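Below: the structure, in structure tokens.
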Amino acid sequence: MAWKNKPTNFAAQMLADGDKHLRKVSAEMLQQVIVGSPVDQGAFRGNHLISLNGADNSYDINRKDKNSNSTQEVGNQKILQAKFGDFAYVQNNQPYAVALENGHRQQRPLGIYSVAFMNVSSKYK
């Protein structure tokens, strides 16, 4: 009895599907945190970062992005490099990011990242 689909083809397809899923979920998470971010000067929105397989602890007090286009674009370029098995980090290292996440802004009393995580994870249950 012959294989209908060779195991090597199946394995290659699983890796490709894993890559695609990781990229999709990472892009959705980034979009959710960007859209859910309060906007004053745009510094918080401009400092959402994507890194792969390790945290990126940087931030730039001069990076501002009120409309979120460049932040999403830069993040998406990084996400395109993600492969199945990688860890994709979505983070913001602004000094006041923890306060915002803990609800110190009436615009987002439940936080930004926690709400985004709940929204994205519930979609894939």
Boolean, LEU30 is touching a strand residue (DSSP E or B) at 6+ places or on another chain (Cβ under 9 Å), closer than 30 Å to MET14 by Cα and crowded, with 17+ Cβ neighbours inside 10 Å: yes
Sole exception among (1) small (Gly, Ala, Ser); (2) farther than 25 Å from LYS123 by Cα; (3) open to solvent by less than 30 Å² (accessible area, probe 1.4 Å) for ALA12, by number: (3)
Meets criteria (touching a residue at least 40 places away in the same chain (Cβ under 8 Å), under 16 Å from ALA116 (Cα atoms) and surrounded by 11 or more Cβ atoms within 10 Å (Cβ to Cβ)) for LEU49: yes
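Okay, residues lined up against (1) open to solvent by 70 Å² or more (accessible area, probe 1.4 Å); (2) closer than 24 Å to VAL115 by Cβ; (3) in contact with a Leu (Cβ under 8 Å, 6 or more places away or on another chain):
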residue: LYS6; (1), (2), (3): yes, no, no
residue: GLY18; (1), (2), (3): no, no, no
residue: SER26; (1), (2), (3): no, yes, no
residue: ASP40; (1), (2), (3): yes, yes, no
residue: ARG45; (1), (2), (3): no, yes, no
residue: ASN57; (1), (2), (3): yes, yes, no
residue: LYS66; (1), (2), (3): yes, yes, no
residue: GLN77; (1), (2), (3): yes, no, no
Unique residue being within 18 Å of VAL120 (Cβ to Cβ) and modelled with pLDDT under 95 when the list is SER37, SER58: SER37
Single condition ASN9 does not satisfy, out of (1) in a helix (DSSP H, G or I); (2) in contact with a His (Cβ under 8 Å, 6 or more places away or on another chain); (3) of a type in the set (S, T, N, Q): (2)
Subset of region 25-55 (residues that are within 8 Å of the chain's Cα centre (by Cα) and not polar (S, T, N, Q)): VAL25, ALA27, GLU28, MET29, LEU30, VAL33, LEU49, ILE50
Leading residue by the ranking (farthest from HIS48 (Cα to Cα)) among those in region 100-119 that are more than 14 Å from the chain's Cα centre (by Cα) and open to solvent by 100 Å² or more (accessible area, probe 1.4 Å): GLN106
Positions within region 99-109 being in a loop (DSSP other than H, G, I, E, B) and either over 17 Å from GLN31 (Cα atoms) or touching a strand residue (DSSP E or B) at 6+ places or on another chain (Cβ under 9 Å) (or both), in sequence order: ASN102, GLY103, HIS104, ARG105, GLN106, GLN107, PRO109
Residue check, ALA97 buried (at least 17 other Cβ atoms within 10 Å of the Cβ) and closer than 19 Å to VAL35 by Cα: yes
Residue check for SER122: in a loop (DSSP other than H, G, I, E, B) and either open to solvent by less than 90 Å² (accessible area, probe 1.4 Å) or of a type in the set (D, E, K, R) (or both): no
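The values are calculated or read from the model by the stated rules, or taken from the named source; none is laboratory data. Keep in mind it's a predicted model, so treat the numbers as computed, not measured. Note: ideal-geometry Cβ built from the backbone for every residue, glycine included; neighbour counts use all protein chains shown. Note: areas computed on protein heavy atoms with side chains; ligands, DNA, RNA excluded. Shrake-Rupley method; radii C 1.70, N 1.55, O 1.52, S 1.80 Å.
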